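Read through the structure below, which is laid out as structure tokens, and then see the notes.
The values are calculated or read from the model by the stated rules, or taken from the named source; none is laboratory data. Worth saying up front: this structure is predicted, and the values here are computed from it rather than measured. Please note: Cβ atoms are built from the backbone with ideal geometry, for glycine as well, and neighbour counts cover all protein chains shown. The area values use the complete protein model at the heavy-atom level, side chains included, leaving out ligands, DNA and RNA. Shrake-Rupley method; radii C 1.70, N 1.55, O 1.52, S 1.80 Å.
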2 protein chains.
Amino acid sequence: MKLYHFGRAPNARRARVFSAEKAIDLELIEVDLGSRAQLNPDYAHKNVMAEVPALELDDGTLVTESNAICRYLEGIQPEPALFGTTPLEQAQIAMWDRRVELHGFLAVTEGFRNGNAFFKDRALTGPIDYPQIPQLAERGRKRFAAFLDLLETRLGESDYLAGPTFSIADITAAITCDFARVIKMGPPFEGHPKLQAWFERIMSRPSMSA
Amino acid sequence: MKLYHFGRAPNARRARVFSAEKAIDLELIEVDLGSRAQLNPDYAHKNVMAEVPALELDDGTLVTESNAICRYLEGIQPEPALFGTTPLEQAQIAMWDRRVELHGFLAVTEGFRNGNAFFKDRALTGPIDYPQIPQLAERGRKRFAAFLDLLETRLGESDYLAGPTFSIADITAAITCDFARVIKMGPPFEGHPKLQAWFERIMSRPSMSA
């Protein structure tokens, strides 16, 4: 299987880390987002949304969207279970993973893409250009600050984000927190000791360097 | 089990429709978003994110986030399978469901909450007030127009959104398309005949009136 990715792109990192946790080897093919290679016509048939990652199966079938790629890898290699096993575990992991995506990851990208000259007219990923909105750069930072407080509270009641065991929600959250460097709100997380301890624990896993 | 919901709230509708497809009875408890009851302190312990829906299990455990509630219901009542069965089906359904959430549903809410006086200082759901950004009202409409084109193309190659069988992606997408009435881009979908035919087919399912 081939994974179209870019080293610094956080959603691509999510797929790489997930596959490392599963000990699944993927052939990595770089799509250079720095030169906007994701917008080239020869990538459009890999992913009409012009984003990385994209997983190409050996028969040519394509799966895009990072959580869907992880879901596929979980299906072909169920152990260790990173989406949960019981209905309640599965639900709690889905709940935290979605909270991280909607309130953490989208907050960082809102702050980053609306406040950095590289993304002029590229305020959203995808094939269509949208102009930056300066107020969103500020809003993204406020939202991310609230997200860090949410994690601090949660990690005071639970060893891992979605419960007593490591899950995809920890992968998504740790990558989001690390990515927050791009809005200068990344590690260390001062004033958030439980979050900081959890972050160091997750980042020390060998998979995180994938 | 109890479902905290609101009749017109689209994410709550998603949980209701899903439970109807599964023939699972839920006790419905209304949280009146019209009077901002989701922000009352007595609801905060149901969902710290101050949103509906929230599912309360018989032992008091709470599951929030509509897709996580659906995931729980799929776990306790696997048939009919609405998240897919094989790894590839599961991945393709997750892929389309996420595309609908990120590019369709968020586009409608962006347009709605930034362009309607009721949401002054409430441009985002959740416990924190954020001011409206008028440019987002316009951007949401542009994004939703692109989303309708994406669906039209996809429904020219597939009977249902994620493949040959009905799935949660169809539920999420049909509710999103119907909800687009709030930005006056809802049905009918002129110039999108395949989308329109699919929409009528999905809306005719008994579950859609749940």
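The rows are residues; the columns are (1) farther than 17 Å from A:ALA91 by Cβ; (2) touching a Lys or Arg at 6+ places or on another chain (Cβ under 7 Å); (3) at pLDDT 95 or above; (4) of a type in the set (A, V, I, L, M, F, W, C).
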| position | (1), (2), (3), (4) |
| --- | --- |
| B:LEU28 | yes, no, yes, yes |
| B:ARG36 | yes, no, no, no |
| B:PRO41 | yes, no, no, no |
| B:VAL52 | no, no, yes, yes |
| B:LEU57 | no, no, yes, yes |
Out of (1) open to solvent by less than 20 Å² (accessible area, probe 1.4 Å); (2) of a type outside the set (Val, Ile, Thr); (3) over 30 Å from A:PRO78 (Cα atoms), the one B:GLY7 does not meet is (1)
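Given the criteria touching a Gly at 6+ places or on another chain (Cβ under 7 Å) and of a type in the set (D, E, K, R), does A:GLU101 qualify? Lay out the reasoning, then the answer.
Working: touching a Gly at 6+ places or on another chain (Cβ under 7 Å): no; of a type in the set (D, E, K, R): yes.
Taking the combined requirement at face value, the residue does not satisfy it.
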In region A:4-62, anything of a type in the set (Gly, Ala, Ser) and more than 24 Å from B:PHE147 (Cα to Cα) is listed as A:GLY7, A:ALA15, A:SER19, A:ALA20, A:ALA23, A:GLY34, A:SER35, A:GLY60
Selection over region B:56-72 where residues are crowded, with 24+ Cβ neighbours inside 10 Å and more than 8 Å from chain A (Cβ to nearest Cβ) yields a count of 2
Here the residues within region B:133-144 that are open to solvent by less than 60 Å² (accessible area, probe 1.4 Å) and more than 10 Å from chain A (Cβ to nearest Cβ) are B:ALA137, B:GLY140, B:PHE144
Of those in region B:198-210 that are among the aliphatic types (A, V, I, L, M) and touching a residue at least 40 places away in the same chain (Cβ under 8 Å), the residue surrounded by the fewest Cβ atoms within 10 Å (Cβ to Cβ) is B:ALA210
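Each row is one residue, and each column tells you yes or no for (1) more than 8 Å from every other protein chain (Cβ to nearest Cβ); (2) more than 16 Å from A:LEU102 (Cα to Cα); (3) out of contact with any strand residue (DSSP E or B) (no Cβ under 7 Å at 6 or more places or on another chain).
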residue: B:GLN38; (1), (2), (3): yes, yes, yes
residue: B:THR86; (1), (2), (3): no, yes, yes
residue: B:GLY104; (1), (2), (3): yes, no, yes
residue: B:ALA107; (1), (2), (3): yes, no, yes
residue: B:PHE112; (1), (2), (3): yes, yes, yes
residue: B:LYS120; (1), (2), (3): yes, yes, yes
residue: B:ALA123; (1), (2), (3): yes, no, no
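The rows are residues; the columns are (1) under 23 Å from B:ALA9 (Cβ atoms); (2) charged (D, E, K, R); (3) touching a strand residue (DSSP E or B) at 6+ places or on another chain (Cβ under 7 Å).
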| site | (1), (2), (3) |
| --- | --- |
| B:LEU155 | no, no, no |
| B:TYR160 | no, no, no |
| B:SER167 | yes, no, yes |
| B:ALA174 | yes, no, no |
| B:CYS177 | yes, no, no |
| B:LYS184 | yes, yes, no |
| B:PRO187 | yes, no, no |
| B:GLY191 | no, no, no |
| B:PHE199 | yes, no, no |
(1) more than 9 Å from every other protein chain (Cβ to nearest Cβ); (2) touching a strand residue (DSSP E or B) at 6+ places or on another chain (Cβ under 7 Å) all hold for B:LEU148 apart from (2)
message = Kindly evaluate A:SER158 against the criterion of being over 18 Å from B:LEU106 (Cβ atoms) and over 16 Å from the mean Cα position of the chain (by Cα).
response = yes
